[in-house]
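Let me begin by presenting the structure, written as structure tokens, before commenting on it.
The values are calculated or read from the model by the stated rules, or taken from the named source; none is laboratory data. Please read all numbers here as calculations on a predicted model, not as lab measurements. Heads up, the Cβs are rebuilt from the backbone with ideal geometry, glycines too, and the neighbour counts pull from every protein chain shown. Surface areas here come from the heavy atoms of the whole protein model, side chains and all, with no ligands, DNA or RNA. Shrake-Rupley method; radii C 1.70, N 1.55, O 1.52, S 1.80 Å.
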Amino acid sequence: MNSHVRCFFFFWQDHADCRHPLFTETVEPSERDDLLVTVKLFPSDFDTAILKEAFTTAIQELNVAHLDNVILCFPFHSQTGSSLQSMKSLWKGLEDLQKRKLVTNLSVSDLDKPELEELYQSAELKPFLNQINVASCCVIPKDLIAYTKSNDIKLVITADPRVLLTQQKLHEVLSVGKMVSGSWNPLWTMRYKTVTKYTGVIRHRGYLVKCAKDS
């Protein structure tokens with residue numbers, strides 16, 4: 001396998017299946033035990049069906065039986081924010097995946113202290129880490145640092161935006177070469193990465209995307 005390969009898979013609803021054979025890669029079974037497979041999911045809605053579809057797709061496309069690390073970036077809408085009750089429902093969907101031994105570690109992204117505390121207290125399976133984009137808060141709040149430390153939750157800095165693929169960006173991508181016609185919306189975007197356990201060398205890195213065409 002080549003390191004630092006960026007792979008793009010596009011899965012469309014109503015209907016266009018766009019992929020390039022040069023960008024298609026899977027994890028060799030003989031190498032699986034030496035790799036850590038991490039995915040980060042950016043769903044567009046609080047829908048457990050989307051959640052399960054995304055992870056089923058990742059497992060099938062990467063040819064693995066389970067994922068080592070899953071990071072969930074909860075849907076965020078600038079006007080309404082993120083609903084705590086909806087967050088809990090989506091987290092239960094992740095817990096189900098872990099109970100079925102499809103996922104080892106469950107993590108979250110961009111939760112402040114009140115959100116993380118609310119989720120932690122209601123969760124049966126606790127979050128392993130919380131990623132924080134310091135560009136949005138400049139300095140990590142002290143109450144968040146204290147809470148994660150006292151509850152054994154790793155706090156990791158990330159440069160990822162809350163929304164990885166916007167509708168506008170998708171439109172720009174599809175407009176190049178007029179790949180498909182019509183207006184499309186991203187349902188979910190997932191970034192995957194595999195690294196060698198003992199050296200930290202990146203072996204695979206890419207994206208899985210599912211979109212739907214406006215009716």
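Some notes on this structure:
- Taking the criterion of being farther than 17 Å from Met190 by Cα and touching an Asp or Glu at 6+ places or on another chain (Cβ under 7 Å), the only residue of the stretch 105-122 that qualifies is Lys113.
- Members of the stretch 182-196 that are open to solvent by 50 Å² or more (accessible area, probe 1.4 Å) and under 15 Å from Glu28 (Cα atoms): Lys193
Residues checked against (1) of a type in the set (Asp, Glu); (2) open to solvent by less than 40 Å² (accessible area, probe 1.4 Å); (3) within 15 Å of Gly206 (Cα to Cα); (4) in contact with a strand residue (DSSP E or B) (Cβ under 7 Å, 6 or more places away or on another chain):
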position	(1), (2), (3), (4)
Leu36	no, no, yes, yes
Leu62	no, yes, yes, yes
Trp91	no, yes, no, no
Gln98	no, no, no, yes
Val103	no, yes, no, yes
Leu111	no, yes, no, yes
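- Number of positions in the stretch 117-144 that are in a strand (DSSP E or B) and either open to solvent by 60 Å² or more (accessible area, probe 1.4 Å) or of a type in the set (Phe, Trp, Tyr) (or both): 0
- Scan the stretch 145-178 for residues that are basic (Lys, Arg) and open to solvent by less than 90 Å² (accessible area, probe 1.4 Å) and the total you get is 1.
- Total residues in the stretch 155-214, condition free of Cβ contacts under 8 Å to residues at least 60 places away in the same chain and under 27 Å from Phe128 (Cα atoms): 8
- Within the stretch 145-157, if we keep just the residues that are polar (S, T, N, Q) and not in a loop (DSSP other than H, G, I, E, B), the residue that is nearest to Asp96 (Cα to Cα) turns out to be Thr148.
- Complete set of residues in the stretch 167-204 that are part of a loop (DSSP other than H, G, I, E, B) and modelled with pLDDT of 80 or more: Lys197, Tyr198, Thr199, Gly200, Val201
- Pair list, Cβ < 8 Å and 6+ apart or interchain, from the stretch 84-102 residues that are more than 11 Å from Ser122 (Cα to Cα) to residues that are of a type in the set (Ser, Thr, Tyr) and outside any helix (DSSP H, G or I): Gln98/Thr104
- Residues of the stretch 86-116 classified as in a helix (DSSP H, G or I) and under 12 Å from Tyr147 (Cα atoms), total: 4
- Residue match in the stretch 57-67 (condition: charged (D, E, K, R) and either assigned to a strand (DSSP E or B) or closer than 29 Å to Ser150 by Cβ (or both)): no
- Tyr207 vs. criteria aromatic (Phe, Trp, Tyr), over 21 Å from Leu51 (Cβ atoms) and open to solvent by less than 80 Å² (accessible area, probe 1.4 Å): no
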